[in-house]
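Worksheet: one structure, shown below.
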Amino acid sequence: MSPLDQLDRTALLIGGDRREASDGATLTTENPATTEPLADVPAATPADVDDAVSAAREAFRAWRDTAPDERGRIVHRIATEIRDHAEELARLESTDQGKPLSQAESDIEGAAAYFEYYAGAADKLEGASIPVGPDQLDYTVREPYGVSGQITPWNYPANLFARGVAPALVAGNAVVVKPAEQTPLSSIRLAELCVSAGLPEGLLNVVTGYGDPTGQALAEHDGVDQLTFTGSVPTGKHIMRTAADSVTPVTLELGGKNPAIVFPDADLGAAAEWIATGIFTNVGQICSAADRVLVHESVREELIDRLAGVVEGYTVGPGTEDPDIGPLVSEAQHETVSEYLEVGRSEGATVRVGGEPMDRPGYFIEPTIFTGVDPTDRVAREEIFGPVLSVLSFEATDEAVSIANDVEYGLVAGVFTNDLTRAHRLTRELEAGNVYVNTWFGDTNQTPFGGYKHSGIGREKGLEALDSYLRTKNVAIDLGT
Ligand code: NAD
């Protein structure tokens, strides 16, 4: 049976009810490996968003008063429910988003792990007692905001759904999620599984639809007390401006243009493998992708040869056949990345591998390595969000650090060296929220993740993510006579 057979197409989840959009409008999601339509899902109106926020606010009251250990048990059951449906969810994600099946499986396992991890924190959200002298008792309590509005992108739909929903629920909030219009299916199914796991009605609401009006209506809604947005820098800035009107706190996870700095003493074979994984996983549609290599001149040719060797062995095909390289998510993304291939060439970069859209149905682009890239080139500075690696070189360590930091982004940076002192010094110099040494994608569900500079504010993952969903109340009690 296809995972699509199990999907309820009247897919808005509002207050425990499944609904169509109030005006009956739908959007069509397609299979990026074939460009054929997959499913029509509702395109929620602002009135639907309003209903979802009201349902969340109503459910919040009882959830806030539910004992924390009970909240944790319910959230833990969601993890079990996801694991029980892991294969179906992975197929659905691979079909809708295009990613290789084994990568979708890993995303779903990660989604279950988020619910598990945060479930354990539910009864450990402690405040502090503050000594201010004998005449006053002073303590803090950590309280949920109320309704968390969450807007997710198309590159890791299921995994990012869990990354935001799990800590928000555990902290005692209700949630309204607006998934990306290109990839709504796994969020619809995950929401159903949350309900079947026993999550009380109205605590989790899903409004599928476009950025505007659906996402916009959520971002500007007066009844939303906290916003979590993952997506592009321009939309993130727009969300922040919108939230300013109601002084709503925002967590923003935005883009990256992440450098991998390779020194001559590194294990070049391992570095090439990590960097290829870093840029070609999910065909480069990852905010933390290894977008640019900064390699020491003395080992430049050897590293490029090794990278080319890895890429030339890649298989290509529909995600459900589990190749190394699947399609890009959409026609728009295919156009954007194709344009960057032209831009790179016109700026004088050399194509070492790939360099062309593929002549086959679906949104496939050859995994590409540009060499001889200059730090001022657009392909060295702008986020491409596709399977395109730009190779730059340096002579001195200071030069590498300055090239690495001289972009508007600051999400992730990597250092490949066996010199421990150099590694430690660089982790300090690099302007990024996450630094990997001799690895890539070193972050886990338990480690805080987020950006410096235009890459975002706030942290997702790890215990630190809970700070986005809790506010501190200080209580001062006079004990004096
Ligand atoms: P996008 O900004 O176009 O869309 C993201 C989401 O915002 C979608 O759900 C979209 O419908 C919604 N949206 C669009 N306009 C809106 C509006 N006016 N009001 C409210 N919502 C609106 O981004 P994208 O193209 O879907 O995703 C790719 C980008 O996301 C890349 O830049 C990538 O780096 C970034 N990203 C970051 C992380 C991270 O954790 N830092 C993770 C994944 C993706």
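Throughout, read-outs are computed from the coordinates displayed, never taken from laboratory work. What you are looking at is a predicted structure, and each value in this text was computed from that prediction instead of being measured. Here Cβ is always computed from backbone atoms with ideal geometry, including for glycine, and neighbour counts include all displayed protein chains.
Before moving on, here are some points about what is shown:
- In a reduced charge model with +1 at each Lys and Arg Cβ and -1 at each Asp and Glu Cβ, the stretch 257-383 shows a dipole moment near 180 debye about its Cα centre.
- Between the Cα long axis of helix 68-84 and the first principal axis of the chain there is an angle of about 40°, rounded to the nearest 10.
- Ratio of the Cα radius of gyration of the chain to 2.2 N^0.38 Å, where N counts its residues: 1.00
- Between GLU408 and GLU36, the contour length at 0.36 nm per residue exceeds the Cα-Cα span by 130.2 nm.
- Computed over the stretch 240-350: relative contact order in percent, which uses C-alpha pairs under 8 Å that are six or more apart: 22
- Think of each Lys and Arg Cβ as +1 and each Asp and Glu Cβ as -1; about the Cα centre, that makes the dipole of the stretch 331-481 roughly 620 debye.
- C-alpha long axis of helix 185-196 to longest principal axis of the chain, angle in °: 30
- The stretch between SER106 and ASP305 holds 68.7 nm of extra length on full extension. This uses 0.36 nm per residue minus the Cα-Cα distance.
- Leading residue at positive end of dipole, the chain (Cβ point charges), from ALA128, ALA244, VAL310: ALA128
- Spin-label zone in the stretch 459-481 - amide nitrogen under 17 Å from a point set 7 Å from the Cα of ILE130 along the C-beta vector: 471-479
- Taking 0.36 nm per residue of separation and subtracting the Cα-Cα distance, full extension of the segment from GLU312 to ALA86 would add 78.2 nm.
- FRET efficiency estimate (nearest 0.05) - Cβ-Cβ, ASP123 to GLU395, R0 51 angstrom: 0.40
- Members of LYS124/LYS473; LYS178/LYS453; LYS178/LYS473; LYS124/LYS178 lying beyond 22 Å, as alpha-carbon distances in this model show: LYS178/LYS453; LYS178/LYS473; LYS124/LYS178
- Those residues of the stretch 94-123 whose amide nitrogen sits under 17 Å from the label point placed on ARG73, 7 Å along Cα→Cβ: 116, 119-123
- Computing FRET efficiency as 1/(1 + (r/R0)^6) for GLU356 and GLU331, where r is the C-beta to C-beta distance and R0 is 22 Å, gives about 0.85.
- Rounded if a/c under 1.5, otherwise prolate or oblate - the stretch 40-107, Cα gyration tensor axes: oblate
- In percent, rounded to a whole number, the relative contact order of the stretch 259-444 is 28, using alpha-carbon pairs under 8 Å and six or more apart.
- Ordering ALA55, ALA90, ILE108 by Cα displacement along the dipole of the chain toward the positive end leaves ALA55 in first place; charges were set at the Cβ atoms of Lys, Arg (+1) and Asp, Glu (-1).
- For the stretch 259-444, the Kirkwood estimate of hydrodynamic radius, built from reciprocal distances between every pair of different alpha carbons, is 16.4 Å.
- Rounded to the nearest 10 degrees, the inclination of helix 331-346 to the longest alpha-carbon principal axis of the chain is 40 degrees.
- Pair ASN438, ALA47: separation of 7 Å Cα→Cβ label points (nm): 6.2
- Taken about its Cα centre, the chain carries a charge dipole of about 940 debye when Lys and Arg each add +1 at the Cβ and Asp and Glu each add -1 at the Cβ.
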